[in-house]
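Following: one structure in C-alpha cells, then a few remarks.
Coordinate-derived values only; no laboratory data. Just so we're clear, the structure is a prediction, and the values are computed from it rather than from any experiment. Positions of Cβ are generated from backbone atoms using ideal geometry, with glycine treated the same way; all protein chains shown enter the neighbour counts.
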Amino acid sequence: MEGFEAVAALDDIGPEGLRVIVDGEEVLLVRRGEEVFALGYLCSHQDMELEGGHLEGDAWVCPHHGARFHVATGEAISMPAIEAIATREVRIVEGKVFLKESQP
Ligand code: FES
C-alpha cells in the first residue's frame, strides 16, 4: 500500500490509546471497536501527552484537564483546549494498522 506505513496491530491498541512513531512524529492511535483514529500525540492545551485519556463517543478526552477532541477531525470540542490537533489517515488491513506518510 503505497504511501502508508504499518505501525501496529489492531489488538495492540488499548483503551488508553497507543503511541506510535511515523515520519519521526509521535502519533496516538485510538480504537473504537474495529475503527482506528490517529491523532497528534500532544494536547493543544499545554502540550501534554494525550495517551492515557479515554474515548467518549466521538471524543478523545485529555487525561490532564479534560479537553475533548473529535477523533475524526481533531477539532477541539471542549475547553480548556481551543486549537485542533492533527489527524492522519488510517487504513486497517488484516488486523494491521497503517498510517499515511506525509511524504510517500
Ligand atoms: S493538557 Fe490537555 S487539557 Fe490540559
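Express the relative contact order of the chain as a whole percentage, based on alpha carbon pairs under 8 Å and six or more residues apart in sequence. Numbers along the way, then the final one.
Numbers: 236 pairs, mean separation 30.5, N = 104.
RCO, the chain: 29 percent.
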Given a Förster radius of 41 Å and the C-beta distance between GLU35 and HIS65 as r, what FRET efficiency does 1/(1 + (r/R0)^6) yield to the nearest 0.05? 0.95
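Relative to the present Cα-Cα distance, how much length would full extension add between ALA9 and GLU94 at 0.36 nm per residue of separation? Provide the component values of the computation, followed by the final result.
Numbers: separation 85, 0.36 × 85 = 30.60 nm, distance 0.91 nm.
Contour length minus Cα-Cα distance gives 29.7 nm.
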Residues with amide H under 5 Å from that of ALA81, placed H, sequence gap 5 or more: ALA67, ARG68
Give, in whole angstrom and from largest to smallest, the semi-axes √(5λ) of the equivalent ellipsoid of the stretch 4-100, with λ running over the eigenvalues of the Cα gyration tensor. 21, 13, 11
